[in-house]
Structures are given as C-alpha cells and as structure tokens.
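Accompanying notes for the structure given below.
Throughout, read-outs are computed from the coordinates displayed, never taken from laboratory work. Keep in mind that this is a model prediction, so the values were computed, not measured. Here the Cβ is made from the backbone with ideal geometry for all residues, glycine too, and neighbour counts use every protein chain on show.
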Amino acid sequence: MGRVERIRGGSVSFISFIGYDTALTQTTNPAESSHDINAIALRQLNRTLSGPSPTTVAITTECPADPIRISRDVADSLRTVLAHAVAGRAVSIIPACAELTTQQAAALLNVSRPYVVKLIDEGTLPCHKVGSHRRLYASDVKKYQHDRAISARMAADKLTALSEEMGLYE
C-alpha cells in the first residue's frame, strides 16, 4: 500500500504507488449480504434503461423524500457499478481528469513502470510535468488501454482468418 500524507482539511497531498484496485476517490468492495439487493436493483435499472430512452431516471429511497433524479449517463454508470458489484468484483471510480503517476498508470495497465516511461518517451502516451515528475491523465491511460485492446482484437481476428484460410481452424 502506498504512503499517504494529509494536509489540513483532510485533503490528500501526496500519493505514492497505489495498486490498480485502490481508487483515487473511492473503492467499494461489495459485501455478500448486499448481493441480493444489488441484483434486484440491477434488474430494475436494466428494465428502466431498456425501455424508451429516458433522459433522467428517478431513484426512490426508503426515507419519505422526493425521488433522486439522475441523468441517463449517470444511470448507465450506475448500471456498470451494480453489474460488477453483483459479480463480486471491487469497483473503483477514478475521475477522467485524475492525474496518475507513472507507477499508478503502470498498475492500471498491468505493465511495468519502465514500460510506461518508454511509451511516454516514444510519444505514445501523453504526459505533463509537475515539477520534475511526469503525470498522466487517467483518461489518456484509459484511451491507450482501449486502443491496445482493439488492436489486440484485430490481430486475433487476422490470425483466425489466416488459420481458416490455411485449413487449420475448424
């Protein structure tokens, strides 16, 4: 676990290495006791979002108050969080504008820190400097991860086509 120093007001002033499963903002590890209620909520949300495209979704609570209204985009994100919670996976929310160290980016990409530095030096991954330290935006790291997944899928499709062409794939 990384070292966290706090300044007055409880703000995080320095985060050294944190693992992939540790969020910059919040990590939720679903308890088994909440599985059933999360599964019901996921089914209800799927039903709501599969109908005519609502621009907002109303969520009611047990306390007698007005329903909470959220946008369709936030409801889609909530659906993703619920799906992971139902599957028993921890969920981390990292804002797209979050600045990551090279070590944090490496943990997110499941590669070594020197490899991330190499990607930065090649211009493949954009970064900016904070003093003498390199920082990457989480959105840039996720875009690289997405692009890498697409190119891997395309390479696998090419190999499959080549195998079929050679009669090796049945």
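Modelled label-to-label distance, Ile150 and Asp66, 7 Å Cα→beta-carbon offset: nm?
For the pair Ile150/Asp66, the computed spacing is 4.1 nm.
Using a 10 Å cut-off around each Cβ, can you sort Cys63, Cys97, Cys127 from fewest to most neighbouring Cβ atoms?
With the fewest neighbours first, Cys63, Cys97, Cys127 line up as Cys63, Cys97, Cys127.
Provide the net charge surrounding His146, with neighbours chosen by a C-beta distance below 14 Å and charges set as Lys +1, Arg +1, Asp -1, Glu -1.
+2
Enter the Cα centre distance for the pair segment 125-161 and segment 73-95, rounded to the nearest angstrom.
Cα centroid to Cα centroid, the span is 22 Å.
Local charge sum around Ala96 (other residues, Cβ-Cβ under 10 Å, Lys/Arg +1, Asp/Glu -1)?
Residues near Ala96 contribute +1 overall.
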